[in-house]
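Scroll down for the structure; my scribbles are underneath it.
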Amino acid sequence: MGRSRRTLPEELLLLALDPTTGTTAQPQSLDLGLAGAQLVELALAGRIAPDGDRIAVVVPRPTGDPTLDCALELLRRRGAPVRAVHWIGGPRLGLRQTYLSHLERCGMVHAVAGQMCGVLPTTRYQATDTEISREIRTRLDSAIRTGVPPDPRTAALAALAHAVGLGKHLYPGNEGRSSRSRLRDLIRHDPMGGLVAHAVMDVQNGVAAQPRRNSAPAGRQAPAGGRGAPEPARGIPAQPHHGSMARAAAH
């Protein structure tokens, strides 16, 4: 996989990055979204495929992207298809920082050192080329505005953005309500993106241990009330002693 195309995790992170503050929106759920975005990207690359509500490795050949290849190798080591909700809800904490460091190495963002309360050191990240972020946002806006079925990559990006709660960041207030609703509806245009997005929301809602009765995400309807963003994260499994993706990617 060459570097001519940005990966979905990179695009999701750039979409969440606030150009003014240099911070990321929805930082807690973003780790889950990035883990899901890796699955979609690997599926688009032909390395994995959905098997009901599970993910199976079909081609273990590396993609050439170190962060994706780390995820692919961990999936391969499982030896059997794994439920998407279990993979996303597993030890994935730290992916946000892993991808921020990755984008910095690629020259897509630069780190800005600072202090909190004049004492605690902080690091913020600014996009080095705001045109890239604008292009990503334009694709999303166009899919929402025109109603034309988007390509699978954009549909998956929309599904993940909704799943992690970026709708209220991208389209705030009452005036953004219809856009948030259409963002949620784009989930039906990509089955893999829909499967992963629903898994992300299930983890946040603490239902990761319960098998999904209907594993066809494209036909699943939004919960009653039609809110534009999922519930706040609850009960996210944390398994820090099993080796996070951030540490694995660093090697």
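The values are calculated or read from the model by the stated rules, or taken from the named source; none is laboratory data. Keep in mind that this is a model prediction, so the values were computed, not measured. We place every Cβ from the backbone using ideal geometry, glycine too, and count neighbours over all the protein chains shown. For the accessible areas, the whole protein counts, side chains as well, though only heavy atoms, and no ligand, DNA or RNA atoms are used. Shrake-Rupley method; radii C 1.70, N 1.55, O 1.52, S 1.80 Å.
Odds and ends about this structure:
- Enumerated helices (runs of 4 or more DSSP H) restricted to segment 139-251, each holding at least 1 residues that are at pLDDT below 90, among the aliphatic types (A, V, I, L, M) and over 18 Å from the mean Cα position of the chain (by Cα): 245-250
- Hits in segment 88-128 (condition: part of a loop (DSSP other than H, G, I, E, B) and at pLDDT below 80): 91, 92, 93, 117, 118, 119
- Restricted to segment 12-68, and to residues there that are open to solvent by less than 10 Å² (accessible area, probe 1.4 Å) and either assigned to a loop (DSSP other than H, G, I, E, B) or touching a Lys or Arg at 6+ places or on another chain (Cβ under 6 Å) (or both), the residue that is nearest to residue 166 (Cα to Cα) is 30.
For every residue, the table says whether it meets (1) closer than 26 Å to residue 46 by Cα; (2) out of contact with any helix residue (DSSP H, G or I) (no Cβ under 9 Å at 6 or more places or on another chain).
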site: 83; (1), (2): yes, no
site: 135; (1), (2): yes, yes
site: 153; (1), (2): yes, no
site: 166; (1), (2): no, no
site: 173; (1), (2): no, yes
site: 182; (1), (2): no, no
